[in-house]
2 protein chains.
Amino acid sequence: MLPIATLNPELEAPLYRQLHANIKELIESGRLADGSRLPATRELAGQLGLNRTTVSAAYELLESEGLISGHVGRGSFVTRSGTLKNRVNWREALAGSAASTPAAPASTPLASFSSSRPSELLFPLEEFRVTCEEVIHGPEAQTILQLGSPSGYPPLRRYLHELARTEGVARDSDDILITSGCQQAFSLLQSTLVRHGETVLLEDPVYPGMRAAFERSGARLIGVPIGRNGLDLEALERILEHERPRLLAVTSNFQNPTGATLPLAARKSLLRITQAAGVILVENDIYGALAYEGEPIPSIKQLDETGDTILLRSFSKIAFPGLRVGWVIGPRPLIEKLTEAKQWSDLHTDQLSQAILLRFAQSGRLEQHRRRMLASGRERLHAVLAACEKHLPPAVEFTRPRGGMSLWIRLPEALDAGELLARAEREGVTYLPGRFFAVTHPEANSLRISFAGMAPDQIRSGIAILGRIFQNELERVRAHSPLTEAPAMV
Amino acid sequence: MLPIATLNPELEAPLYRQLHANIKELIESGRLADGSRLPATRELAGQLGLNRTTVSAAYELLESEGLISGHVGRGSFVTRSGTLKNRVNWREALAGSAASTPAAPASTPLASFSSSRPSELLFPLEEFRVTCEEVIHGPEAQTILQLGSPSGYPPLRRYLHELARTEGVARDSDDILITSGCQQAFSLLQSTLVRHGETVLLEDPVYPGMRAAFERSGARLIGVPIGRNGLDLEALERILEHERPRLLAVTSNFQNPTGATLPLAARKSLLRITQAAGVILVENDIYGALAYEGEPIPSIKQLDETGDTILLRSFSKIAFPGLRVGWVIGPRPLIEKLTEAKQWSDLHTDQLSQAILLRFAQSGRLEQHRRRMLASGRERLHAVLAACEKHLPPAVEFTRPRGGMSLWIRLPEALDAGELLARAEREGVTYLPGRFFAVTHPEANSLRISFAGMAPDQIRSGIAILGRIFQNELERVRAHSPLTEAPAMV
């Protein structure tokens, strides 16, 4: 079996390019030796949950580069490896770490539901420019350009801490660390809290970057199913009957990929359950500010009288993802450890971006921008839900988030979302098959629709195309075999 | 023995504040229990190579916060711990990771020789502003604010790659990864190449950030002594007779802390030695662009026909340390692995800073700024060398770097640079005792002088004060005991 690594759906590289880069790396590192045979496209497609067209496209690209050659009826063979002059045996030196997932440049499809990020057309460029100019002409410019603190740019840190105290999120026993986005918070929590072989509970399905960060520590990952109302607490309790996990990471609002939100009562129960079991609770709340409908629910951190919950937040989803600034709020002894890990990871987070985001927030421009994001997000959410109601066959189920960027579609079990992606791509529509998000329960029949980055018209056209493809496939399957009943919707 | 962690000299927090933060964390995490006795100031000073005044100042601060209380003749006792409401046992949860080293705000001494960073007075603020405005008003502004690539901002990556190829540094088999400063490159190399318990060779003395990054992987560190001409190759060969290290990291130009540069012949020998032993060679060259005198020597990477050497460079020392952008050049299979590790560490490096630094370089402003830095660095280097010649007692030896930011002073063995620091601080002069930089050979009688951040007059006054303190101490010691001969200068 080819050791193909996790693909990162947020980077929007076409699947065939990601696969191409993976196999190329296996060849160039010598892990696929000269002359060795690649799996047949059907076989590899099955292994990865991709369609054959995707695998074929990757093979064609490899062939065009002279890395493999195909022989009709015999398959494809590696034609070049070990031709570098290197004396270090990089294959051996790198064995044991997972294969790479480089990000190839993106192509632009008709309707891309595959990336959960804001549309760059919504970026308030003029306000960003004004903010930037205020910062570079301000009295702090020189200080910002000098080496900073691992804890974060002090004025930003004070601002966020004060905000968190005002909101009742930070207690006296809490402190704050600025990170280079939320991904770094996962990575620091992993290296600080989780030892090799320890058990970590993640939502299943979950954002692959969270899974990858904990996987790198050699943690044993167990997925806790996500239901209509977020984490399935009964499933969690069953797991805790025979497991002693180190920590549980949960996305309280508009979870990626399902869009599910944990209700107030469930948040309280979750606190009771994890406290009784002595499990450290990490609350990932990077989508909470994007509530398009309904009243916001207090964060788990806010509800936690003990102050032990660790809260992660970020500017990425509501401002500019290219500026990498997030933060962690948690008990002071933990924050001090995380700060040390942060220091030896990258000294400190880029100060210019910290200063710009602080000014953006303090000037009120962030809140103005957020209101516009909420208006446009609401419009897109309504568009995607209405289109799903209208175009998806009745046997297809989907979640109904009230904020965030994604919803989750579950097809009848006979359908394979990975296989159907090829057809969708041919019609200019992309999405991410559900198995990219699996922890321990891969679902071949589910998929994620990220709607935040696209105009309502694109959303409607894209969902209409998907509806037709799913309908056609259902009819084809029905013609060949009795339909499997759709399972209870999560 | 109190588990006090590595202090980070680059962050310029006074030593007593760093120590205070360390002990406070031990108390608040519960690792120092309520009622337990702190070591006597003399005892802790001895353990850490600090002076008693520093330890006393830290204890006083703890006492003022009600965390400890002193009883004459009995010592100091912890008076508060475990008073937080937390239910998670953070002491137990965090056991095994080293204590933290938070960065306290700096006080400004008369002459601070303790931080190897450029003077912020030399930052070309106007040129930075113009560059920044060109970027935010340029056609790429929207793209820069969107999520980017783990490999780096593509135009910057292409620019640096092209530059490295033109210089003959990058070969066809090489690729490039943009990192969040060089510290992140150490950290990624550690997690990608070094497994727990494997041996890593570092220069001794070495920049503590490099030591800490490899230490965190659980690597076994061995220090290779630095001589007058950089790494002591004979010592290296002796070590290689009975050790099988995974990698060796070496700073080819103006090493931090010693200022030593590896001559051309030694670079070639080093390549032969490490290749014969199968040791991966990491060349850290963040100071190479700061050559104030003499002709530049080809980098080890450039001399390495196999292409296996891994080269680290950065904008931090020649532009703006607060913008965290460095890069790694190495064999493609390695860069692909590092890119994956980078992706799950923090997705990608801040794009705004990458774009600004690219524009700064492409506009020719970086090179103009570098010339000014070279002129001012040359002036400072001459000032510090002349002042050392003039003011240091003859028994004191010092290195004579031709670039970079630091030189290394070795006092006669009877003198303790940690003890003498208290006297220097009372007169407004700071430096870093040599033992902060030790890997396996701590030297109580050495110290680092970082001269790049200060005006020539400050340098002269500061060295004059140090010369007087060292002279007085030498006389005191001579009066009490026969003088130990100074060892051969490194």
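Looking only at the range B:209-231, filter to residues that are surrounded by fewer than 20 Cβ atoms within 10 Å (Cβ to Cβ) and away from chain A (no Cβ under 14 Å); which one of those is modelled with the lowest pLDDT?
B:ARG228
So, in the range B:232-251, of the ones that are free of Cβ contacts under 8 Å to residues at least 40 places away in the same chain and in contact with a Leu (Cβ under 8 Å, 6 or more places away or on another chain), which residue ends up surrounded by the fewest Cβ atoms within 10 Å (Cβ to Cβ)?
This residue is B:ILE239.
What is the number of the single condition among (1) within 25 Å of B:ASN89 (Cα to Cα); (2) modelled with pLDDT under 95 that A:PHE320 does not meet?
Just one mismatch for A:PHE320, condition (1).
Could you pull out the residue among B:SER173, B:SER151 that is touching a residue at least 60 places away in the same chain (Cβ under 8 Å) and either in the same structural domain as B:ILE465 (by TED's automatic domain parsing) or over 16 Å from B:LEU311 (Cβ atoms) (or both)? Lay out the reasoning, then the answer.
Details: B:SER173 fails: either in the same structural domain as B:ILE465 (by TED's automatic domain parsing) or over 16 Å from B:LEU311 (Cβ atoms) (or both).
Selected residue: B:SER151, the only one of B:SER173, B:SER151 that is touching a residue at least 60 places away in the same chain (Cβ under 8 Å) and either in the same structural domain as B:ILE465 (by TED's automatic domain parsing) or over 16 Å from B:LEU311 (Cβ atoms) (or both).
Going by the conditions given, is A:ILE459 in a strand (DSSP E or B) and either among the β-branched types (Val, Ile, Thr) or within 23 Å of A:ASP285 (Cβ to Cβ) (or both)? Walk me through it before giving the result.
Values: in a strand (DSSP E or B): no; either among the β-branched types (Val, Ile, Thr) or within 23 Å of A:ASP285 (Cβ to Cβ) (or both): yes.
The answer is no for A:ILE459.
Which numbered condition trips up A:SER191, out of (1) surrounded by fewer than 20 Cβ atoms within 10 Å (Cβ to Cβ); (2) in a helix (DSSP H, G or I); (3) at pLDDT below 95?
(1)
Mind listing whichever residues of the range B:260-296 are assigned to a helix (DSSP H, G or I) and not charged (D, E, K, R)?
Here is the first cut: in the range B:260-296, the ones assigned to a helix (DSSP H, G or I) are B:264-277.
Answer for the range B:260-296, where residues must be assigned to a helix (DSSP H, G or I) and not charged (D, E, K, R): B:LEU264, B:ALA265, B:ALA266, B:SER269, B:LEU270, B:LEU271, B:ILE273, B:THR274, B:GLN275, B:ALA276, B:ALA277.
Whether any residue in the range B:252-259 is assigned to a helix (DSSP H, G or I), buried (at least 24 other Cβ atoms within 10 Å of the Cβ) and either within 19 Å of the chain's Cα centre (by Cα) or of a type in the set (A, V, I, L, M) (or both) is what I want to check. Working first, answer last.
The first filter runs over the range B:252-259 and keeps only residues assigned to a helix (DSSP H, G or I), leaving none.
For the range B:252-259, residues assigned to a helix (DSSP H, G or I), buried (at least 24 other Cβ atoms within 10 Å of the Cβ) and either within 19 Å of the chain's Cα centre (by Cα) or of a type in the set (A, V, I, L, M) (or both): absent.
Part of a helix (DSSP H, G or I) and closer than 27 Å to B:LEU201 by Cβ, is that true of B:PHE436?
yes
Pull out all pairs, ordered by first then second residue, where Cβ-Cβ is under 6 Å, the residues are six or more apart or on different chains, the first lies in the range A:388-405 and is assigned by TED's automatic domain parsing to the domain that holds A:ALA464 and closer than 28 Å to A:ILE318 by Cα, and the second is among the hydrophobic types (A, V, I, L, M, F, W, C) and part of a strand (DSSP E or B).
These pairs meet every condition: A:CYS388/A:PHE398; A:PHE398/A:LEU407; A:PHE398/A:ILE409; A:THR399/A:LEU407; A:THR399/A:TRP408; A:PRO401/A:LEU407; A:GLY403/A:ALA291.
Out of everything in the range B:384-421 that is surrounded by fewer than 21 Cβ atoms within 10 Å (Cβ to Cβ) and basic (Lys, Arg), what residue ends up being nearest to B:ARG117 (Cα to Cα)?
Applying the filter and picking the extreme gives B:ARG402.
When you check B:ALA213 against the structure, is it under 20 Å from B:PRO331 (Cβ atoms) and touching a helix residue (DSSP H, G or I) at 6+ places or on another chain (Cβ under 9 Å), yes or no? It would help to see each step written out before you state the result.
Details: under 20 Å from B:PRO331 (Cβ atoms): no; touching a helix residue (DSSP H, G or I) at 6+ places or on another chain (Cβ under 9 Å): yes.
The answer is no for B:ALA213.
Wholly within the range B:305-414, which helices (runs of 4 or more DSSP H) include no fewer than the required count, namely at least 1 residues that are over 30 Å from A:ARG324 (Cα atoms)?
The helices (runs of 4 or more DSSP H) meeting that bar are B:365-391.
For B:ALA185, state whether it is aliphatic (A, V, I, L, M), surrounded by 24 or more Cβ atoms within 10 Å (Cβ to Cβ) and at pLDDT 95 or above.
Values: aliphatic (A, V, I, L, M): yes; surrounded by 24 or more Cβ atoms within 10 Å (Cβ to Cβ): yes; at pLDDT 95 or above: yes.
It is true that B:ALA185 is aliphatic (A, V, I, L, M), surrounded by 24 or more Cβ atoms within 10 Å (Cβ to Cβ) and at pLDDT 95 or above.
Here is a list of conditions, (1) surrounded by 24 or more Cβ atoms within 10 Å (Cβ to Cβ); (2) within 13 Å of chain A (Cβ to nearest Cβ); (3) closer than 26 Å to B:SER191 by Cβ, and B:ALA355 meets all of them except one; can you say which number that is?
(3)
Within the range A:371-383, does at least one residue satisfy the condition of being in contact with an Asp or Glu (Cβ under 9 Å, 6 or more places away or on another chain), buried (at least 22 other Cβ atoms within 10 Å of the Cβ), in the same structural domain as A:ARG460 (by TED's automatic domain parsing) and closer than 13 Å to A:LEU466 by Cβ?
No, every residue in the range A:371-383 fails to be in contact with an Asp or Glu (Cβ under 9 Å, 6 or more places away or on another chain), buried (at least 22 other Cβ atoms within 10 Å of the Cβ), in the same structural domain as A:ARG460 (by TED's automatic domain parsing) and closer than 13 Å to A:LEU466 by Cβ.
The values are calculated or read from the model by the stated rules, or taken from the named source; none is laboratory data. Nothing here was measured: the structure is a model prediction, and the numbers come from that model. FYI the Cβ positions are ideal-geometry reconstructions off the backbone, even for glycines, and counts take in every protein chain you see.
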